[in-house]
Amino acid sequence: MPGQPVSTTVCLRRAVVTGAAGFIGSRLTLALLRSGVRVVGVDRRDPADDPVAACHLAAVADAPGYRHLHADLLTCALDAPLRGADAVFHLAAVPGVRPSWGPRFAEYVHCNVLATQRVMEAAARTGVPRVVVASSSSVYGATDGTPSSERDLPRPASPYAVTKLAEEQLCLAHAARADCPTSVVALRYFTVYGPGQRADMFVHRALRAALTGEPLRLYGDGGQRRDFTYVDDAVAATVAAASAPRCSAVVNVGGGTDASLRDVVHIAEGLTGRTVRLLHDAPRPGDVPATRADPARAYRLLGWRPRIGLRSGMLRQLRALSRPEGRVTA
Ligand code: NAD
Ligand code: UGA
């Protein structure tokens, strides 16, 4: 049914999730396990010594259908974990727009491009029928705020965005080879938020500031607008992408939200009943004024529409943040 998560029962029995210890990857893993899919999660973060990874994986670590592979995609053997998988969900990456300038760029290239090349080669070699790869709204670059269509010319405005465009196009180039058994759906996620959101991201920081009274650093005037996407909506689109009819495509995954950073601050204040203290700071290079998804293709190819609005999603994130143990299962 349109707007509902698409069932995974048709052809998805075993899946590999890269970046399984991350924000979206852990949430996806949980959803797949709940649908009865067996999952091998691959991540270079070790839940044994990384508290964020441990927190993300707390809900799945002991699930009978889950196996965690603590490994770096740049070096690990991939054929064994991928062989027999019905889909690979390739979410592992170094995310974040602002830190991609300067000395960390090599890490972005290694993890977002070179690791992806290894994943695609292994997927093709082992006959995995579908790779779903996490791309990014950042590939569109600065827009005037009108919806971005997948047909628009990408104009990435940061080193991170360049690597994400390279990543999705690399996957599509593999899939276009006549001898490649793997089709690819590249999902351009638009600023995902919700329980477990990365601590460098704005919604997390706004809620944290409202809860603790610590100031919130605002880059620019706060008029930046984002098509904020609730994590479980992003996960539903991701699962649907594994079962979509065989084709290779790029698809926008936008939450249908058109809100500014100031709107986010107001919601955080309304939900907590506390005032957020703002520290004004300079705009950051590569930070685009607005993102907005044209949702037509996601609906047509995946039968997917977002369901959770910003206030309701932020309330769920706030509840998860307020839990003393920080567990992110809600
Ligand atoms: P995250 O940092 O929480 O998760 C990424 C995970 O990938 C981490 O756990 C990290 O350890 C792992 N990883 C990175 N390099 C690796 C390597 N070489 N080998 C093994 N594991 C590796 O990030 P996230 O916010 O969950 O993002 C997930 C994906 O979605 C990324 O590809 C990101 O670019 C993309 N994306 C995220 C957003 C968003 O708003 N969060 C928006 C657009 C696109
Ligand atoms: C987010 C993710 O971080 C990227 O991984 C992802 O690829 C991208 O979405 C995407 O949609 O493709 P971004 O939109 O920059 O990137 O999301 P945030 O990091 O939450 O930043 C949103 C806005 O808040 C930016 O304008 C940023 O400058 C601002 N911000 C962020 C602040 O003003 N203060 C902060 O402390 C953090």
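Could you tell me whether any residue of segment 174-191 is more than 24 Å from Ala87 (Cα to Cα), over 15 Å from the mean Cα position of the chain (by Cα) and without any contact (Cβ under 8 Å) to a residue 12 or more places away in the chain? No; the residues of segment 174-191 include none that is more than 24 Å from Ala87 (Cα to Cα), over 15 Å from the mean Cα position of the chain (by Cα) and without any contact (Cβ under 8 Å) to a residue 12 or more places away in the chain. Please specify each residue of segment 113-143 satisfying the condition of being part of a helix (DSSP H, G or I) and among the β-branched types (Val, Ile, Thr). Across segment 113-143, the qualifying residues are Val113, Thr116, Val119, Thr126, Val139. Assessment of segment 295-305 against the conditions (over 23 Å from the mean Cα position of the chain (by Cα), on the phi < 0 side of the Ramachandran plot and surrounded by fewer than 18 Cβ atoms within 10 Å (Cβ to Cβ)) yields no matching residue. Could you please let me know if Val94 is hydrophobic (A, V, I, L, M, F, W, C), part of a loop (DSSP other than H, G, I, E, B) and under 20 Å from the mean Cα position of the chain (by Cα)? Here the answer is yes, as Val94 does meet what is asked.
Would you confirm, using the coordinates I've provided, whether Val128 is under 27 Å from Thr291 (Cα atoms) and either touching an Asp or Glu at 6+ places or on another chain (Cβ under 7 Å) or away from ligand 1 (no atom under 16 Å from the Cβ) (or both)? Against the criterion (under 27 Å from Thr291 (Cα atoms) and either touching an Asp or Glu at 6+ places or on another chain (Cβ under 7 Å) or away from ligand 1 (no atom under 16 Å from the Cβ) (or both)), Val128 does not qualify. Of the candidates Ala124, Ala134, the single residue that is crowded, with 24+ Cβ neighbours inside 10 Å, under 23 Å from Asp72 (Cβ atoms) and among the small types (Gly, Ala, Ser) is Ala134.
Checking each residue in segment 229-251 for being touching a strand residue (DSSP E or B) at 6+ places or on another chain (Cβ under 7 Å) and farther than 21 Å from Arg198 by Cβ picks out Ala241, Ala242, Ala244, Arg246, Cys247, Ser248, Ala249, Val250, Val251. Would you check if there is a residue in segment 135-157 being at pLDDT 95 or above, farther than 21 Å from Ala234 by Cα and among the acidic types (Asp, Glu)? Yes, segment 135-157 has at least one match. Looking at Ala85, is it more than 16 Å from ligand 2 (Cβ to nearest atom), part of a loop (DSSP other than H, G, I, E, B) and either at pLDDT 95 or above or open to solvent by 40 Å² or more (accessible area, probe 1.4 Å) (or both)? So Ala85 fits the description; yes.
Tallying residues that are farther than 12 Å from Ala48 by Cα, assigned to a strand (DSSP E or B) and either open to solvent by less than 60 Å² (accessible area, probe 1.4 Å) or within 16 Å of ligand 2 (Cβ to nearest atom) (or both) within segment 58-68 yields 1.
Of all residues in segment 66-83, those that are aromatic (Phe, Trp, Tyr) have Cβ atoms under 7 Å from Cβ atoms of residues that are in a loop (DSSP other than H, G, I, E, B), 6 or more apart or on another chain, in Tyr66/Val60. Restricting segment 91-111 to residues that are out of contact with any Gly (no Cβ under 6 Å at 6 or more places or on another chain), within 11 Å of ligand 1 (Cβ to nearest atom) and under 17 Å from Arg45 (Cβ atoms), the residue that is most open to solvent (accessible area, probe 1.4 Å) is His110.
Conditions tested, residue by residue: (1) within 20 Å of Asp227 (Cβ to Cβ); (2) outside any helix (DSSP H, G or I); (3) at pLDDT 95 or above; (4) open to solvent by 80 Å² or more (accessible area, probe 1.4 Å).
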| residue | (1), (2), (3), (4) |
| --- | --- |
| His266 | yes, no, yes, yes |
| Arg274 | no, yes, yes, yes |
| Val288 | yes, yes, yes, no |
| Arg311 | yes, no, yes, yes |
| Gln317 | yes, no, yes, no |
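Within segment 247-284, the set of residues being among the polar types (S, T, N, Q) and closer than 30 Å to Asp152 by Cβ comprises Ser248, Asn252, Thr257, Ser260.
The values are calculated or read from the model by the stated rules, or taken from the named source; none is laboratory data. Since the model is a prediction, treat every value here as computed from it, not as a measurement. Note that we place each Cβ from the backbone using ideal geometry, even for glycine, and neighbour counts take in every protein chain shown. To get the accessible areas, we keep the full protein, side chains included, count just its heavy atoms, and leave off ligands, DNA and RNA. Shrake-Rupley method; radii C 1.70, N 1.55, O 1.52, S 1.80 Å.
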